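**Q** Here it is, the structure, as structure tokens.
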Amino acid sequence: MANTQYKTLNNGEKMPIIGIGTWQASDEEIETAIDAALEAGYRHIDTAPVYGNEQAIGRVLKRWLDAGKVKREELYIVTKLPPVSNRPHEVEPTIKKSLADLQLDYVDMYLIHTPFTLFINEDGSFKLDDEGLMVPDVSTNHAATWVEMEKLVANGLTKSIGVSNFDQEQVARLLKNCKIRPANNQIEHHVYLQQRELVDFCKAEGVVVTAYSPLGSKGIAKFNAGAGLVRDLPDLMDIPEVKEIAAAHGKTPAQVLLRWIIDTGVVAIPKSINPERLKQNLNVFDFKLTDEEVAKLLALDKDLRVCDFAFFHGVERHPEFRFKNQYTN
Ligand SMILES: NC(=O)c1ccc[n+]([C@@H]2O[C@H](COP(=O)([O-])OP(=O)(O)OC[C@H]3O[C@@H](n4cnc5c(N)ncnc54)[C@H](OP(=O)(O)O)[C@@H]3O)[C@@H](O)[C@H]2O)c1
């Protein structure tokens, strides 16, 4: 199988270093993509209730498991506690809903999706204030939520627990207030947003980092537009240095971007619904970047965040929201 490299977590569990991301794909697209990904050798799947596709993913997993084409222990399934459910009493019912949708008895990694919490109405829509902004639930208490996350491990509902979109101070605070140390922090990480301090801090503390939007999340443009945001976002696969390095190795820009991430000891979860691109994104183990090429890629850092959560209008009023907004609208 192509995808044979793993990161060993602080509890001894092994996470495949490349996974498939699943944000922004219809049920039909994701069913085809997960089938193609499993055929290509992917075993790590990253999802979340907010992606709206756990049921579709569950249908494919069931087919593969029932047919004996894969064993449950060979799969690595990650899902997340949504921003609207980031409260202690919601942890257990929320993972149970994900497990029912995924048709699994346990997941491999359960993450707190965001450090902030938002209110919703009974019908599931976001609660809005008089100005039309989403209402933050400022009662968020990571330590209290974590106690419930730890119970999930004890109850066998997940093998490992972690966080996502946490900054250094938030990880450090959790480390001081936990029995089970977080095994993973899933953050935006690519050549234009390298977050070296945060990555190095997590590594030093034994928290494996997963890079989301490792290819620059091209598809977010449509999503942002739907939320009324106009963004002039870069195409990482069009950066001259990346293209030059790709040409030198006979690889694609996407493969260079991914190889650079995994060489820094970070897990990557590129999303694709295209079978050829899926194969390409996994086929990154047969070439090596030179020191000079790595230096060129390191020099590209612009501290430029693509997924800034501005589509949660009003989220910046939550005390645990830490992204600085680089955009004016
Ligand atoms: N924790 C969080 O808050 C968070 C936030 C964002 C994302 N995530 C996770 O991270 C995953 C990846 O991030 P992302 O979806 O934002 O963006 P991404 O993986 O950086 O980029 C995906 C985009 O790149 C295209 N693409 C993929 N492979 C390609 C290749 N080899 N050549 C050219 N284009 C290629 C895809 O199009 P096609 O599909 O058409 O190939 C899609 O438009 C998500 O799907 C999700 O699972 C987590």
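The values are calculated or read from the model by the stated rules, or taken from the named source; none is laboratory data. None of the values given here were measured: they were computed from a predicted structure. Reconstructed Cβ throughout: ideal geometry from the backbone, glycine too, with neighbour counts over all protein chains shown. For accessibility, only protein heavy atoms count, side chains too; no ligands or nucleic acids. Shrake-Rupley method; radii C 1.70, N 1.55, O 1.52, S 1.80 Å.
**Q** With respect to Ala204, determine if the residue is within 14 Å of the ligand (Cβ to nearest atom) and either more than 28 Å from Thr8 (Cβ to Cβ) or modelled with pLDDT of 95 or more (or both).
**A** Spelling it out, it is not the case that Ala204 is within 14 Å of the ligand (Cβ to nearest atom) and either more than 28 Å from Thr8 (Cβ to Cβ) or modelled with pLDDT of 95 or more (or both).
**Q** Another question, if that's okay. Looking at Val60, Val91, Val78, Val84, which is the one that is among the β-branched types (Val, Ile, Thr) and in a strand (DSSP E or B)?
**A** Exactly one residue qualifies, and that residue is Val78.
**Q** Right, another one. Which is under 16 Å from Ala183 (Cβ atoms) and more than 17 Å from the chain's Cα centre (by Cα), of Tyr110, Tyr106?
**A** Tyr106
**Q** In the stretch 215-239, what count of residues is obtained for those that are within 21 Å of the chain's Cα centre (by Cα), aliphatic (A, V, I, L, M) and in a helix (DSSP H, G or I)?
**A** Total satisfying the criteria: 4.
**Q** Given the residues Asp130, Asp105, which is the only one that is modelled with pLDDT of 95 or more, assigned to a loop (DSSP other than H, G, I, E, B), open to solvent by 30 Å² or more (accessible area, probe 1.4 Å) and closer than 23 Å to Arg72 by Cα?
**A** None of the others qualify; the one that does is Asp105.
**Q** Follow-up. Give me a count of the residues in the stretch 22-51 that are open to solvent by less than 50 Å² (accessible area, probe 1.4 Å) and part of a loop (DSSP other than H, G, I, E, B).
**A** Here the count works out to 7.
**Q** Could you tell me whether any residue of the stretch 146-159 is under 19 Å from Glu320 (Cα atoms), open to solvent by 40 Å² or more (accessible area, probe 1.4 Å) and of a type in the set (A, V, I, L, M, F, W, C)?
**A** yes
**Q** Sticking with this structure for a sec: Among what's in the stretch 240-283 and is over 23 Å from the mean Cα position of the chain (by Cα) and assigned to a loop (DSSP other than H, G, I, E, B), pick the residue that is surrounded by the most Cβ atoms within 10 Å (Cβ to Cβ).
**A** Residue satisfying both the conditions and the ranking: Lys251.
**Q** Further question on the same structure: Within the set of pairs 6+ apart or on separate chains, which have a first residue in the stretch 305-316 that is more than 10 Å from the ligand (Cβ to nearest atom), a second that is modelled with pLDDT under 90 and open to solvent by less than 10 Å² (accessible area, probe 1.4 Å), and C-beta atoms under 7 Å apart?
**A** Close Cβ pairs (under 7 Å, with a partner that is modelled with pLDDT under 90 and open to solvent by less than 10 Å² (accessible area, probe 1.4 Å)) amount to Phe311/Asn224.
**Q** Can you tell me which residues in the stretch 169-223 are among the β-branched types (Val, Ile, Thr), in contact with a Leu (Cβ under 9 Å, 6 or more places away or on another chain) and closer than 16 Å to His142 by Cα?
**A** Val171, the sole residue that qualifies.
**Q** Looking at (1) part of a helix (DSSP H, G or I); (2) within 14 Å of the ligand (Cβ to nearest atom); (3) open to solvent by less than 20 Å² (accessible area, probe 1.4 Å), which is the one condition that is false for Val171?
**A** If we test Val171 against (1) part of a helix (DSSP H, G or I); (2) within 14 Å of the ligand (Cβ to nearest atom); (3) open to solvent by less than 20 Å² (accessible area, probe 1.4 Å), just (2) comes out false.
**Q** Moving on to the next point. Out of all the residues in the stretch 32-49, which are within 11 Å of the ligand (Cβ to nearest atom) and of a type in the set (D, E, K, R)?
**A** Asp46
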